[in-house]
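Each reported figure results from applying straightforward, stated rules to the coordinates on display, with no laboratory input. Fair warning: this is a prediction, and the values are worked out from it, not measured in the lab. Positions of Cβ are backbone-derived with ideal geometry, glycine not excepted, and every protein chain shown enters the neighbour counts.
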Amino acid sequence: MTVKISQASDVQNFFKEASGFNNDAGSSRMKTVINRILVDTAKIVEDLEITQDEFWKAVDYLNRLGGRHEAGLLVAGLGLEHFLDLLEDAKDAQLGLTGGTPRTIEGPLYVAGAPISQGETRMDDGSELDIATVMFLQGKVTGPDGQPVANAVVDLWHANTKGNYSYFDKSQSEYNLRRRIVTDENGNYRARSIVPSGYGCSLDGPTQEVLDMLGRHGRRPAHIHFFISAPGHRHLTTQINLAGDEYLWDDFAYATRDGLVGDIRFVEDAEAARARGIEGSRFAELNFDFQLQKAPAPEAEQRSARPRALQNA
């Protein structure tokens, strides 16, 4: 038997009281958001006839999700982070703000405060040179007019050969594969690193638990994350997903977008490798340019205030 009471006036008033509308303290914005969550949750419970067992299993799941610090991973895996990008794209189109390198998701693995260099840098600590392929990454940052943007900050980070990120993977050195590069007078940035691997959700984790019930995998292609910022220009959050990866267009986090595929080139040339200071004969090259939009307002120059990890915090 289906019983629905969520829209009754006494229940609605009860949710308003639970949301704090009966007092003048606190945040009016938070009260509005919490009230909507309560009302919509009650409607879901009624419409889908959620049982007591299902409800409390969901509460237990949220406890486990937080305990594993996977909320950011689940948000990406369910497409909500990609939805936020689509929403911003739609707002831009409405305002006529078009062009430039596409945005895509940040993901949950950024760490603030990476070492900063002028023009070029080396990102890896050398610990995987026996198994990794050295990668030379370079490109140019331009403005909407195609002119180079000097002194832009290219903040980039990526995984190691096992698909793990420093800070979250305590076996790696501090800020391994995380750097900031200030572009030179011609807008160029250059980095020596290693070819990253894609990764998958922990098989015993709560994110994969949900994906399993949806019949979905939890794999990501190899990719490199970027924040790019410069005075007068809109902050760009994006990533390069590497061509040739089997999950390139089957990314569980929905981060791959047209215009964000990096055509990595593998070279087998012992003489060229020696000239670049590499032992052996194999290395990779990746060129990728970024075009920024002009900032419509000063606040657009800054990245979002999303909470992020900070080394040694």
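Determine the alpha carbon to alpha carbon distance for each of 31/170; 31/57; 91/140 and list only those over 30 Å.
31/170
Could I get the Rg over Rh figure for region 9-73? Both from C-alpha atoms, Rh via Kirkwood, rounded to two places.
Looking at region 9-73, the ratio lands at 1.05.
How large is the charge dipole for the chain, taken about the Cα centre, if only the Cβ atoms of Lys, Arg (+1) and Asp, Glu (-1) carry charge, to the nearest 20 debye? Working shown, then result.
Working: 33 positive and 45 negative charges, 137 e Å.
In total the dipole reaches around 660 debye.
Please name whichever of 73, 61, 41 sits farthest to the positive end of the charge dipole of region 9-73, dipole taken about the Cα centre and charges placed at Cβ: Lys and Arg +1, Asp and Glu -1.
Working it through, the farthest residue towards the positive pole turns out to be 73.
Among 225, 270, 215, whose Cα sits farthest toward the positive end of the charge dipole of region 79-310 (+1 at Cβ of Lys/Arg, -1 at Cβ of Asp/Glu, about the Cα centre)?
225
Putting +1 on Lys and Arg Cβ atoms and -1 on Asp and Glu Cβ atoms, find which of 259, 143, 26 reaches farthest to the positive end of the dipole of the chain.
The residue sitting farthest along the positive end of the dipole is 26.
Longest exposed-loop-site-free stretch of the chain, with chymotrypsin sites (Phe, Trp or Tyr not before Pro), DSSP loop and at most 15 other Cβ within 10 Å?
Formally, the longest exposed-site-free interval is 1-167.
Where does the charge balance sit around residue 206 when Lys and Arg score +1, Asp and Glu -1, over other residues with C-beta under 11 Å from its C-beta?
Net charge in that neighbourhood comes out at -3.
Just the Kirkwood number for region 107-259, please: inverse of mean 1/r across all distinct Cα pairs, in Å, one decimal. Please list the in-between numbers first.
Details: mean 1/r = 0.0606 Å⁻¹.
Over region 107-259, the inverse of the mean reciprocal pair distance is 16.5 Å.
Can you check what the net charge comes to around residue 37, using other residues whose Cβ is under 14 Å from the Cβ of residue 37 (Lys, Arg +1; Asp, Glu -1)?
Value of the local net charge: +4.
Output the Kirkwood hydrodynamic radius of the chain, Cα pairs only, in Å rounded to one decimal.
Taking every pair of different Cα atoms in the chain, averaging 1/r and inverting gives 22.1 Å.
Once amide H atoms are placed 1.01 Å from N in the peptide plane, what residues at a sequence separation of 5 or more from residue 135, or on another chain, have their amide H within under 5 Å of its amide H?
Amide H neighbours of residue 135: 193, 194, 195, 284.
Could you give the dipole magnitude of region 8-61 about its Cα centre, charging the beta-carbon of Lys and Arg +1 and that of Asp and Glu -1, in debye to the nearest 20?
Values: 6 positive and 10 negative charges, 79 e Å.
It works out to roughly 380 debye.
Within 10 Å of each residue's Cβ, count the other Cβ atoms and sort 103, 178 from fewest upward. Working shown, then result.
Values: 103 21, 178 24.
In increasing order of surrounding Cβ atoms, one gets 103, 178.
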